[in-house]
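Here's the structure, in structure tokens; my notes come after.
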Amino acid sequence: MAFPPVRQAPRISTNELALFMVSSDTARVSIIRRAKNPQTPPIIRYRDARAAICQYLTDIRRPVNCLVTAENMLSQRMDDPSESSMRKEDARHSIEVLHAIQRMSNRLSAFHFIPAPNSQPKLTIQGVEISVRADMLVHGSSRSQQQIGAAILRMTQDDADTDSARARRQEMGYCVAALARLHVEQHIQSERVASNRLCMSIDVQHGEVFQAPNSNVRRVNDIESACRFIAAMWDQV
């Protein structure tokens with residue numbers, strides 16, 4: 001399998017940066033090394049489930065037809081002897097995600113999701129390029145002010161239910177929400193005003209929504225400090 005070339009300039013994914021924020025110093029060095037020497041994944045996890053979820057949430061009627069269609073397709077993949085074990089495993093986890101998003105229906109009913117642009121620039125912080133991509137935009141209003149935000153779907157297989165695991169998931173969720181807020185500010189062209197409450201990370205498997213806090217300065221400062229560290233370490237790993 002061919003690997004992508006070593007990245008010369010600092011670049012990291014949204015999820016890897018969120019993980020970086022809750023990791024030990026030793027683990028952080030490993031995260032930077034992985035980001036610098038990326039491997040091409042054999043499949044894109046949850047790709048079909050993600051598309052179906054976006055279609056479901058951006059339809060104001062929230063019809064489950066698209067989720068059912070996706071589940072049927074994934075079920076066929078699981079039963080297909082010609083499919084690889086990895087594709088079958090992804091299909092099984094994707095079906096679980098489709099069920100999970102339906103359980104979040106009431107939790108997400110207050111939000112008006114709309115399709116996000118297909119092309120979205122990368123977010124750059126302190127010399128580090130971060131691949132933030134909104135899965136959906138979010139519209140709302142407050143005191144007659146038209147507002148906008150962005151939603152990022154997070155698909156994880158961390159089933160741990162300990163206090164420490166929940167705290168890590170929460171901090172990662174808020175980090176992603178803060179990145180969504182910065183992304184909207186810098187790259188989403190709109191006459192609407194960016195709103196923290198409409199910038200969110202949706203942890204589908206655990207049924208949680210993390211919205212950027214009203215006071216987001218500390219978390220943004222922490223992200224900037226992390227990016228400075230990544231940039232400084234990039235040529236040393």
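The values are calculated or read from the model by the stated rules, or taken from the named source; none is laboratory data. From a predicted model like this one, the values you see are computed outputs, not experimental measurements. When we count neighbours, we look across all protein chains shown, and the Cβ atoms used for this are built from the backbone with ideal geometry, even at glycine. Each accessible area value is taken on the protein alone, full model and side chains, heavy atoms only, with ligands, DNA and RNA left out. Shrake-Rupley method; radii C 1.70, N 1.55, O 1.52, S 1.80 Å.
Observations on the structure shown:
- Complete set of residues in the range 30-74 that are open to solvent by 40 Å² or more (accessible area, probe 1.4 Å), under 18 Å from HIS99 (Cβ atoms) and in a helix (DSSP H, G or I): ARG47, ASP48, ARG50, ALA51, GLN55, ASN65, VAL68, THR69, GLU71, ASN72, MET73
- Residues in the range 164-182 that are among the small types (Gly, Ala, Ser) and surrounded by fewer than 17 Cβ atoms within 10 Å (Cβ to Cβ): SER164, ALA165, ALA167.
- Count of the range 1-29 residues, restricted to those that are more than 30 Å from ALA167 (Cβ to Cβ) and either in contact with a helix residue (DSSP H, G or I) (Cβ under 9 Å, 6 or more places away or on another chain) or open to solvent by less than 20 Å² (accessible area, probe 1.4 Å) (or both), is 4.
- Entry remark, the range 209-227: residues being modelled with pLDDT of 95 or more and either over 18 Å from THR124 (Cβ atoms) or surrounded by 17 or more Cβ atoms within 10 Å (Cβ to Cβ) (or both) number 7 in total.
- If the condition is being touching a helix residue (DSSP H, G or I) at 6+ places or on another chain (Cβ under 7 Å) and either part of a strand (DSSP E or B) or surrounded by 17 or more Cβ atoms within 10 Å (Cβ to Cβ) (or both), then the range 183-208 contributes ALA194, ASN196, CYS199, MET200, SER201, ASP203, VAL204, GLN205, HIS206, GLU208.
- Within the range 118-163, the set of residues being surrounded by fewer than 19 Cβ atoms within 10 Å (Cβ to Cβ), of a type in the set (Gly, Ala, Ser) and out of contact with any Pro (no Cβ under 9 Å at 6 or more places or on another chain) comprises SER119, SER131, GLY140, SER141, SER142, SER144, ALA160.
- Test: residue in the range 146-158 that is of a type in the set (Asp, Glu), at pLDDT below 95, under 18 Å from the mean Cα position of the chain (by Cα) and more than 21 Å from SER13 (Cβ to Cβ): no
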